[in-house]
Structure formats: structure tokens, C-alpha cells
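The values are calculated or read from the model by the stated rules, or taken from the named source; none is laboratory data. Values in this document were obtained by computation on a predicted structure and should not be read as measured data. Cβ atoms come from the backbone with ideal geometry, glycine included; neighbour counts cover every protein chain shown. Only protein heavy atoms, including side chains, enter the accessible area calculation; ligands, DNA and RNA are left aside. Shrake-Rupley method; radii C 1.70, N 1.55, O 1.52, S 1.80 Å.
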Amino acid sequence: MRSLKTLLYVALLSMPLAAQVHLGGDLETYNRYWVHADSGRWTWNENRLQLQLEANPAENLHLYGEFRLRALGFPRVTGPSDLQRQQKDRVYPWALEIREAYADLYDFLVPGLDLRLGRQVIAWGTADKINPTSNLSPYDYEDFFDFGAKLGVNALRAIYTRDPWSLEVDVVPVFTPATLPPAEWSGAMMPLAPSQLPPLTVLRSTHFAVATPEPNAENTQVGVKLGTTLADWDLSVSYYRGFDGLPLADTIRFVPVDTTLLSDLEAHLVYPRIQVFGADLAGSFRSVGLWAEGALVVPETFVQVIYPAWQPLLVKDTLLETPYLKFVLGGDYTFKNGLYVNAQYIHGFLHERGPDSLRDYFVVRLEKRFHNDEVTLAPLTFAAEVADWDAPGDHYGYAWIPELKYAPTDNLEIRLGAFVLDGKPGTLFGRMKTHDEVFLRIKVSF
Amino acid sequence: MKRWFLGYALMMAISVPVHAGLTAQEILAKVDSVMNAPRDRRVRMKMVLIDDAGHEKVRVAESYQKGDDHRLIRFLEPADQRGIAFLSLPNDVMYVYFPAFKKVRRIAAHVKNQTFAGTDFTYDDLSTFKYSEEYNPQLLAETDTAYVLKLTPKPGSDKDYAYLKMWVDKKTFHPLRTEFYDPSGNLWKVMTFRNITQIQGYWVAKEMEMQDLKRQHTTHMILEDIQVDTGIPDKVFTKRYLRRGV
């Protein structure tokens, strides 16, 4: 009886808060088909429910949560026991993701100081989707073409604003690694094994072990950003100390299987420690929007040691040592007829690192809306890659991503498009050129 | 009798033709002062979008305005636009916040002539400005109840309209109707102000309708919960506030 009273009391107390909670979200199905003459197949079937809860229980308190329940379409059945599991999770693979869950405290202790505590996405930078200064939240590479998607991190974010100045300090105690796309994409994006095998080696299998940084004070990630507005231009400088979101092999062993040349590859991957000094700006010249963002990445020296199978001498290769600059220059404009153009020059894609591996990309998007904004046609979203300027004709790649979006009513969005990839061997898009796909996404918001 | 008549005539001379002989510039200056009279204004805007087949869509937003050059609009409905916010500051400095990207994005003046969130209002229409700073007025006609002005964009202003025709209420100096003409001189849009009432001494049109004749599309805007001179702090019109949740 007493517990019932307590329950009623708690329920009554929570009613005012529950009344203030706004529940929203969306339902989305996302499907991709690999278009190939011989072996076309579905490569992606995701049905997800995203829930967003938001409340302002007090004037200076804001609560936000974003949760994603996903049904991943392909059964992961490898044996009869998978079919006998009562959870049915191998027949209906699913996942629950807590993308964000944080509290905002506005004007905390002093006017102008805002705190955000909890899991959150921290996005820096003025460039579109490709932000070399934004390193606190790792990139979510699960869908390679969802450029700029980020994962939440458990963090404390403090922003002190005194117009036009703002000072931001972020502390991320525990490192969260970036996710990777499926194997056929990640292999092209970021080969983990050496491209050339040692002499007298025939590979039988590979095994990768990934070690994330220990969750201790030494590995706490820190970000600081100072921003202001000068002559109607937004400027900021930033600093980040932490880790590269993608791992790199520090040890690779070729373990002999038998007396033949067969070997197993065992790689140990860790996250290189980096510091990033960044700067960005955004403004306009006449009516053209302009932005620039640059990041000087200062890596800790990273040496990869390779133990060949049949040779007594190990091989040491310094993969990271010299600081390197990644940057993005961009602009956008809307013509009188409503045609929107967005163009960016990118030096160093998200996953590229080291001064010798940075490549140049030119990305342009044309977009036009029709029929009271119900139809959006983006016939030309085009990314061109130049891997070597000495012979660009032999070192280019491109990705063409045409898309048609139709929103017949509010809260309903249908997107149909394609990824068309091609390029010379050795380029990012050239390595992916057999992965042309079409996609269909349907989203209902509520 | 003669003294009484002289007194009456003098009184009429003072009170009735108060606005007689006003120049177009003076009329437009009064329009600006009426439109931007409150020190600040907070309203809830309901926008009903009606297409040529009569289908309706509804947008709901909250709007904060201070003076004639600070405005913040935040969408509450529909669900797929909830949280999108737009900040307009002096010198064409504009920002938009998309909750999905967690970023405040600077937008340049090229968007000014684009329609805002599917409505028939452009970003420029929803930004705050003074007509007299952007248009040269010419008095075309005068009826019993209204002045009719022709407003031509000043050289260098980036307007899509060749000119505007504005009917200004003689009593309140609030616009009653504005016609927007395209560069070919064809009538493009018509904005009608309705339900003009006084709130705390300020004339406010509680309803506006923007009709786009080319798109055959209409947006009916209804202002609700109008609050004026409540002392909205400057911090509301900042990127910091733009990032805040609904």
C-alpha cells in the first residue's frame, strides 16, 4: 500500500513534466540496390524509428533525447542455432541507438554561460558537411555517402557568449571511435592491410584487433574554440587534442601457417594521437555566400612495424610524423530562377591523413525546386577527385549522385537517387567503381 | 454666427486635413514608422499554404522582432520543420539553424528573393526593413481612404520586383494592399492586410495574405498571441539563442 502511494505520488509529481515533453521523430525506410550486370543485389535495407524527446522544465533548463530503433533488413543466419534463438535477432536484426541525451543549462552561474552535459553531437566548422576542424564527435561512416554524419559523444560543453565573442570549451572524457561502412566500402575507403605483401607470402586469412584508448584522464579529449564577428564575417579559431577517429595498424604480423608460403595476417590497430589547430570563416561577398575552413593536424609520430613471415628482419614504416593541412573553400548562390549552386574545393577528404595522402576534390551541387517546393531535383551532385596533379588524366575519379526528392504532403518525403562511381585505379572513387547503386528513401515525420 | 463659423473652419483646418499635401516620401516614412512602431513584438504565426487545387498545408512559427532590423523566426509545425530557425540582423546578416545538423549556418543575401519554407513570402519579405530605405516612392493617386504609392527599388538594391504598388490607409498609415510587379511589368504577387487593429496603441494587421499569381499559390498568415513592448532582451537575436531548442 505504501509503495502504491509512493508510485502515485511520483506519478503526480511527474505529470507536469510529462505534459511539457514534446515527442517527435520520424519513420524511415532506406533501401539500396547494387546495380551490376552479373551480381546485382540489395545492399541496404534499413527501417528505422527515430524518436526525439524535448522538454523545458524550467526557463534555463532544456532536456533533449534522440533515440533510433533500427530494423536492419538482412537476416544474419549462419547456422540452425541462429534460427532457434528466441530473441529472433538473427532473423530480424535490430539495434537501438541512443544518439543524443543531454541537458542544457542556460546562464549557468553567470549570464552568458551555457552548459550542455551528456551524449551530444558536437559539430564545428563553416564548411558544408566536410569539416576538418570538427573532431570531437567522430564521423558516422556507416553510410559512406551520408557525408558529415556524426556520432554523439559523452561530453561536457561550455559556451560563454559575450557578443560578438564566444568561447567554447569541450571535454570528452572517453573516446568514441568512428564507425565504418560495410566491408566492401571500407576496404576501398581505408585499406587496413598493406597494399603489397612481403616477398614469399601468400595470404590465407586476416585478423584485425582494434584497441581503443584507455578511459583515463590522460586520454581525455579537449576542444577550445574562440569565435567572433568582424565586419559582418564570422570567424573562429579552434584547438583540439585527442585522437584520430579512424584506427591505424601499429603492428602487422604475417604468421606462417605451414611450411608452404601460406600466412595469416594479424594486425593490431590503434587510434593515432593528434592535435588540430583550426580556423574558419563565413560571410558573403555581394550576394554570394562564402566560407573557408582549415585544420593543421599535428600527429604524434606513428610507426608501423611489420613482421614478415619468412624473414628475420622486421620492417618499420613511419606513417605519421609531419603536420599536414586539410582545408575546404566553398561558396553558394541562388540564381533568380531559383537554381541553387553549392561548390566546394576540398583538400584532404574526411578519412585521409598524412601529408602525402591528401587529395583534392571538387564538389558541386545544383538544386532546383518545383511545384511549390514539393519536388526538388538535384541532377548534378558531382565530386571529382584528383589524386596526382602531375598526371591528372591518369589519377582521377568521380562520384555522381543525382537525386529527386518529392514531398507530396507535409511530413512525407520520398527520395530516389543513384551513386555512380568511376575513376582510375588507386583513386578513392576508382576503387569503388564497381559499387554503382540506386537508392530509395521514404520518411514520414511526426 | 460669423465667429462660430470662423472657429469651426479653423478647427476643421487643424483636424481634418491633417495629412493633406503629404509627399510620397512622407507617406512612406509614416508607413515605416507604423510598421516598426513597437519597440519589440512577439507573435505566433499560423501560415496556411493553399495551392491551385485548394490543398492546404499549415506552418506554425513563433516570431520575435526588435526595432526594424532584428527578427528571429522559429518553426513549431509541421513536424519535419520543427526547430528550424531563421535569424535576420542588420546589413543582410542572416543565419539559419537546422536541428538535424546541429549547426548554425550563415546564409548570404542570394536567398533573400527565395520563398521561405514553401510559403509565398520570401526571406526578404520576412526580414525586417524600412521601405523608405530600399524603395523610391511616387504618389500615384489618392482616394477617400487611401494613398496609392508606386515603390521603385533604389539603385543597387537586390530586389526581384520591378516595382510595388501600395495602398496606404489614410487613417492609420498601415498598408492595405501591396502589388508586386515582375521585371516585365506583369503583376506577380498581391499582399493584402486584413483585420488591422490597435494593440497597446500600435496598428497591427492580424491577418495577411500573399497571393503568388505565377505559382497560383496563396499563403494566409494569421498572427496570434501578439505581445508588444515586453522588453525582449537583445540576447534573443543571437546565434546563441538560435541554437536553443523549441
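Quick one: residue A:137 ticks every box in (1) facing chain B (nearest Cβ under 10 Å); (2) touching a helix residue (DSSP H, G or I) at 6+ places or on another chain (Cβ under 9 Å) bar one, so which box is it?
It fails just one condition, (2).
Out of all the residues in region B:67-89, which are open to solvent by 30 Å² or more (accessible area, probe 1.4 Å), in a loop (DSSP other than H, G, I, E, B) and within 9 Å of chain A (Cβ to nearest Cβ)?
Scanning region B:67-89 gives a single hit, B:82.
Which one is nearest to residue A:144 (Cα to Cα), of the residues in region A:343-392 that are among the charged types (D, E, K, R) and over 23 Å from the mean Cα position of the chain (by Cα)? Give the steps one after another, and end with the answer.
Start the filter on region A:343-392 by keeping residues that are among the charged types (D, E, K, R), which leaves A:352-353, A:356, A:359-360, A:365, A:367-369, A:373-374, A:385, A:388, A:390.
Among the residues that remain, those that are also over 23 Å from the mean Cα position of the chain (by Cα) are: A:367-369, A:373-374, A:388, A:390.
On the way: A:367: 21, A:368: 25, A:369: 26, A:373: 28, A:374: 27, A:388: 23, A:390: 28 Å.
My answer is A:367.
Within region B:154-181, which residues are within 14 Å of chain A (Cβ to nearest Cβ) and either touching a residue at least 40 places away in the same chain (Cβ under 8 Å) or surrounded by fewer than 19 Cβ atoms within 10 Å (Cβ to Cβ) (or both)? Give the derivation first.
As a first pass, look at region B:154-181 and keep what is within 14 Å of chain A (Cβ to nearest Cβ): B:156-162.
Answer for region B:154-181, where residues must be within 14 Å of chain A (Cβ to nearest Cβ) and either touching a residue at least 40 places away in the same chain (Cβ under 8 Å) or surrounded by fewer than 19 Cβ atoms within 10 Å (Cβ to Cβ) (or both): B:156, B:157, B:158, B:159, B:160, B:162.
Mind checking whether some residue in region A:209-218 is under 14 Å from residue A:295 (Cα atoms) and in a strand (DSSP E or B)? First the steps, then the outcome.
Within region A:209-218, the subset under 14 Å from residue A:295 (Cα atoms) is none.
No.
Checking residue A:220 against (1) open to solvent by 40 Å² or more (accessible area, probe 1.4 Å); (2) polar (S, T, N, Q); (3) modelled with pLDDT of 90 or more, which test does it fail?
Checking residue A:220 against (1) open to solvent by 40 Å² or more (accessible area, probe 1.4 Å); (2) polar (S, T, N, Q); (3) modelled with pLDDT of 90 or more, the one that fails is (1).
Enumerate the strands (runs of 3 or more DSSP E) found wholly within region A:282-332, keeping only those where 3 or more residues are in contact (Cβ under 8 Å) with a residue 60 or more places away in the chain. Outline the logic, then answer.
On the way: elements: A:288-299, A:302-307, A:315-320.
Strands (runs of 3 or more DSSP E) meeting the threshold: A:288-299, A:315-320.
Considering only residues of region B:199-234 that are among the small types (Gly, Ala, Ser) and assigned to a loop (DSSP other than H, G, I, E, B), which is farthest from residue B:60 (Cα to Cα)?
In the first step, residues of region B:199-234 are kept if they are among the small types (Gly, Ala, Ser); the result is B:201, B:205, B:231.
Next, only the ones that are assigned to a loop (DSSP other than H, G, I, E, B) stay: B:201, B:231.
Numbers: B:201: 26, B:231: 23 Å.
Ranking the qualifying residues of region B:199-234, first place goes to B:201.
In region B:56-108, what residues are under 21 Å from the mean Cα position of the chain (by Cα) and of a type in the set (S, T, N, Q)?
Passing the criteria: B:63, B:65, B:88, B:91.
Could you list, in sequence order, all residues of region A:17-54 that are modelled with pLDDT under 90, open to solvent by 40 Å² or more (accessible area, probe 1.4 Å) and either outside any helix (DSSP H, G or I) or within 20 Å of residue A:181 (Cα to Cα) (or both)?
Across region A:17-54, the qualifying residues are A:35, A:36, A:37, A:38, A:39, A:41.
Please enumerate the residues belonging to region B:204-246 that are within 9 Å of another protein chain (Cβ to nearest Cβ), without any contact (Cβ under 8 Å) to a residue 60 or more places away in the chain and surrounded by fewer than 18 Cβ atoms within 10 Å (Cβ to Cβ).
B:235, B:244
For region B:105-116, indicate whether the set of residues that are closer than 16 Å to residue A:282 by Cβ, open to solvent by 40 Å² or more (accessible area, probe 1.4 Å), modelled with pLDDT of 90 or more and more than 7 Å from chain A (Cβ to nearest Cβ) is non-empty.
Taking region B:105-116 first, the residues closer than 16 Å to residue A:282 by Cβ are B:105-111.
Going one step further and asking which of them are open to solvent by 40 Å² or more (accessible area, probe 1.4 Å), we end up with B:105.
Narrowing further to those that are modelled with pLDDT of 90 or more: B:105.
Of the ones still in play, those that are also more than 7 Å from chain A (Cβ to nearest Cβ) are B:105.
Scanning region B:105-116, I find at least one residue that is closer than 16 Å to residue A:282 by Cβ, open to solvent by 40 Å² or more (accessible area, probe 1.4 Å), modelled with pLDDT of 90 or more and more than 7 Å from chain A (Cβ to nearest Cβ), so the answer is yes.
This table checks each residue for (1) open to solvent by 70 Å² or more (accessible area, probe 1.4 Å); (2) out of contact with any strand residue (DSSP E or B) (no Cβ under 7 Å at 6 or more places or on another chain); (3) polar (S, T, N, Q).
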| residue | (1), (2), (3) |
| --- | --- |
| A:305 | no, no, no |
| A:327 | no, no, no |
| A:338 | no, no, no |
| A:369 | yes, no, no |
| A:372 | no, no, yes |
| A:380 | no, no, no |
| A:386 | no, no, no |
| A:401 | no, no, no |
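Go through region B:49-63 residue by residue and tally those that are assigned to a strand (DSSP E or B), open to solvent by 20 Å² or more (accessible area, probe 1.4 Å) and over 15 Å from residue B:115 (Cβ atoms).
At the first step, the residues of region B:49-63 found to be assigned to a strand (DSSP E or B) are B:49-50, B:56-63.
With open to solvent by 20 Å² or more (accessible area, probe 1.4 Å) added as a condition, the list becomes B:50, B:56-58, B:62.
Keeping just the survivors that are over 15 Å from residue B:115 (Cβ atoms) gives B:56, B:58, B:62.
The qualifying residues number 3.
Are any residues in region A:142-158 away from chain B (no Cβ under 12 Å) and within 16 Å of residue A:383 (Cβ to Cβ), and if so, which ones?
A:143, A:144, A:145
Give the residue, chosen from A:320, A:329, A:339, A:377, that is more than 14 Å from chain B (Cβ to nearest Cβ) and closer than 24 Å to residue B:160 by Cα. Show your work before the answer.
Values: A:320 fails: closer than 24 Å to residue B:160 by Cα; A:329 fails: closer than 24 Å to residue B:160 by Cα; A:339 fails: more than 14 Å from chain B (Cβ to nearest Cβ).
Among A:320, A:329, A:339, A:377, only A:377 is more than 14 Å from chain B (Cβ to nearest Cβ) and closer than 24 Å to residue B:160 by Cα.
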